[in-house]
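Here the structure is laid out as structure tokens; the discussion comes afterwards.
The values are calculated or read from the model by the stated rules, or taken from the named source; none is laboratory data. Bear in mind the structure is a predicted one, so any value in this text is a computation, not a measurement. No Cβ is skipped: glycine too gets one built from the backbone with ideal geometry, and neighbour counts run over all protein chains shown. Ligands, DNA and RNA are excluded from the accessible area calculation, which covers all protein heavy atoms including side chains. Shrake-Rupley method; radii C 1.70, N 1.55, O 1.52, S 1.80 Å.
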Amino acid sequence: MPEFYKINIAGVERELERFPVSDTLDIAAFILFNDVEITEKSSEALLKICPEFDVIFTAEAKSIPLAYEMARQSGKEYIIARKKLKVYMKNSIGVEVKSITTPEIQSLYLGEDAVNTLKGKRVLIVDDVISTGASLDAMVELAEKAGGNIVGKAAILAEGDAAKRDDIIFLEPLPLFFK
């Protein structure tokens with residue numbers, strides 16, 4: 001029988017199912033896809049506490065709904081770092097990342113159009129959950145390679161020790177579950 005963790009995010013309660021990531025550690029899985037209410041409320045709450053920005057920047061894929069909704073509510077642009085190169089991504093740049101939820105090393109890429117959108121702009125990096133910070137670090141590196149000026153790093157949830165960081169903005173802490 002599955003175990004759950006109850007959380008309140010931007011005034012909305014959810015039960016997150018726990019999943020093992022190793023023999024000694026479980027995480028409570030926060031999946032933003034298909035949860036319009038959490039997406040809308042979290043976006044509104046984050047926009048109230050984030051610094052001024054010109055463009056929102058996120059990585060494919062789970063945080064795309066958040067980036068879209070924050071862009072819609074703020075009237076700003078958003079850019080997505082892709083995990084695979086596409087034929088239309090001319091003069092691309094990329095970085096590698098090792099995430100807690102993905103066993104293999106991944107890459108993040110931006111094409112020339114995305115680079116030009118970020119260049120010289122105040123960039124707000126957003127993610128659904130910040131845990132180890134590896135994905136966040138990769139997005140910072142990629143945004144800086146593109147010439148963006150990072151003004152903030154925000155997430156809906158900060159997992160484990162990430163909740164102790166003073167360089168990120170988040171709505172709620174999310175514990176890790178050690179066995």
So Ala81, is it touching an Asp or Glu at 6+ places or on another chain (Cβ under 7 Å) and modelled with pLDDT of 85 or more: yes
Unmet requirement for Tyr88, which otherwise passes all of (1) without any contact (Cβ under 8 Å) to a residue 24 or more places away in the chain; (2) part of a loop (DSSP other than H, G, I, E, B); (3) surrounded by 17 or more Cβ atoms within 10 Å (Cβ to Cβ): (3)
Residue list for the range 129-156, filter: at pLDDT 95 or above and within 11 Å of the chain's Cα centre (by Cα): Lys153, Ala154, Ala155, Ile156
Subset tally (residues that are assigned to a helix (DSSP H, G or I), closer than 17 Å to Glu96 by Cβ and of a type in the set (A, V, I, L, M, F, W, C)) for the range 121-179: 7
Checking Glu69 against (1) over 24 Å from Asp167 (Cα atoms); (2) modelled with pLDDT of 90 or more, the condition it does not meet: (1)
Breaking point among (1) open to solvent by 20 Å² or more (accessible area, probe 1.4 Å); (2) closer than 21 Å to Ile64 by Cα, for Ser43: (1)
The range 41-66: number of residues that are part of a helix (DSSP H, G or I) and of a type in the set (A, V, I, L, M): 6
Qualifying residue in the range 102-120 (condition: touching a Ser or Thr at 6+ places or on another chain (Cβ under 7 Å), assigned to a strand (DSSP E or B), surrounded by 15 or more Cβ atoms within 10 Å (Cβ to Cβ) and hydrophobic (A, V, I, L, M, F, W, C)): yes
Residue among Ile38, Ile27, Ile79 that alone is assigned to a strand (DSSP E or B) and over 21 Å from Thr132 (Cβ atoms): Ile79
